[in-house]
Amino acid sequence: MIKRQTQPDIIVIACNTASTIALDLLRAELNIPIVGVVPAIKPAASLSKSKVVMVLGTHTTVNSAYVKMLITNFATECKVLVEDSEALVLASEQKLLGNGFDPDIVTQEIQRIFNKPDAFNTDVLVLACTHFPLINAEIKNALPHQVTVIDSGLAIANRTHSLLKIEHQTCSPILDPEITFYTTGNVDSEQAKQSKIEALLQCPIKFKQLLL
């Protein structure tokens, strides 16, 4: 239904939770390129010197069968810790919308997580939620000095760009881009976020209703 209404050249599932649940199902159903956002466990395992890596995301993501598969396939030489934080998800949304964001909440949550005995030797933290780069600076400021933070954002952007070039056989930049957000919610309520999102993306956006 989404494909029929929007006619996309490519679909990016811009959510770790949705990707770990639905990526394989969507690829089986649709005949267009689909890029999923999944935790960067493979590069984290390669980067880690202590061989202790932490994956931080939502409860559903870090406990998913997909993440367990990534750990089994790419991080068998590492101890991989998984942690979830609803508090960081909420803080990210508050920062995006300018709605009562408190950086001390981020500091307290990171300290809570890294004060656990198992976390002591962690030297790579994987941000396994697409909300968390919004508070990347606050997370880094709260972390022990030896911890490197990575996420899959750049790799996903590069993969998407590569597939779009194949689809269009061109390297020409898109001039004056406009991004359309399709929502299953109320368009008027979503438009309250418009200026914040446009400032983040640095281009115009518009909202359209997606009928399911």
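The values are calculated or read from the model by the stated rules, or taken from the named source; none is laboratory data. Please read all numbers here as calculations on a predicted model, not as lab measurements. All Cβ positions, even for glycine, are placed from backbone atoms using ideal geometry, and neighbour counts span all protein chains on display. To get the accessible areas, we keep the full protein, side chains included, count just its heavy atoms, and leave off ligands, DNA and RNA. Shrake-Rupley method; radii C 1.70, N 1.55, O 1.52, S 1.80 Å.
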Can you give me the convex hull volume of the Cα atoms of the stretch 1-66, divided per residue and expressed in Å³?
101 Å³
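Could you sort Glu109, Glu29 by accessible area so the largest value comes first, with the probe set to 1.4 Å?
Glu29, Glu109
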Connecting every pair of Cα atoms under 10 Å apart in the chain and solving the GNM, the largest mean-square fluctuation among Ile197, Ile150, Ile41 falls on Ile197
Sequence gap of 8 or more, or different chains, plus Cα separation below 20 Å: how many lysine pairs satisfy both in the stretch 1-136?
10
Given a 1.4 Å probe and heavy atoms of the protein chains only, how would you sort Glu86, Glu77, Glu198, largest accessible area at the top?
Glu77, Glu86, Glu198
Per-residue HN-Hα couplings for the stretch 36-44, Karplus 6.51 cos²θ - 1.76 cosθ + 1.60 at θ = phi - 60°, whole Hz, x for Gly and Pro?
x, 9, 10, x, 7, 6, 4, x, 5
Distant-in-sequence amide H partners of Val35 (H built 1.01 Å from N, under 5 Å):
Ile11, Val12, Ile13
Tell me the angle of helix 103-114 to the major Cα principal axis of the chain, expressed in degrees between 0 and 90 and rounded to the nearest ten.
50 degrees
Efficiency of FRET between Gln108 and Leu210 - r from beta-carbon atoms, R0 30 angstrom, step 0.05:
0.20
Once amide hydrogens are built 1.01 Å from N within the peptide plane, the residues lying 5 or more places from Phe181 or on another chain with amide H under 5 Å from its amide H are Lys206, Phe207, Lys208
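Quick one: pull the percent of accessible area on the chain belonging to carbon and sulfur, 1.4 Å probe, ligands and nucleic acids left out.
Reported share for carbon and sulfur atoms: 54 percent.
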Would you work out the Kirkwood radius for the chain? I mean one over the mean of 1/r across all pairs of different Cα atoms, in Å.
18.8 Å
Quick calc: nm separation of the 7 Å Cα→Cβ label points for Asp118 and Thr180 -> 4.5 nm
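For Arg159 and Lys68, compute 0.36 nm times the residue count separating them, minus their Cα-Cα distance, and round to one decimal in nm.
Between Arg159 and Lys68, full extension yields an extra 30.5 nm.
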Heavy atoms of Arg159 accessible to a 1.4 Å probe, total area in Å² rounded to 10
120 Å²
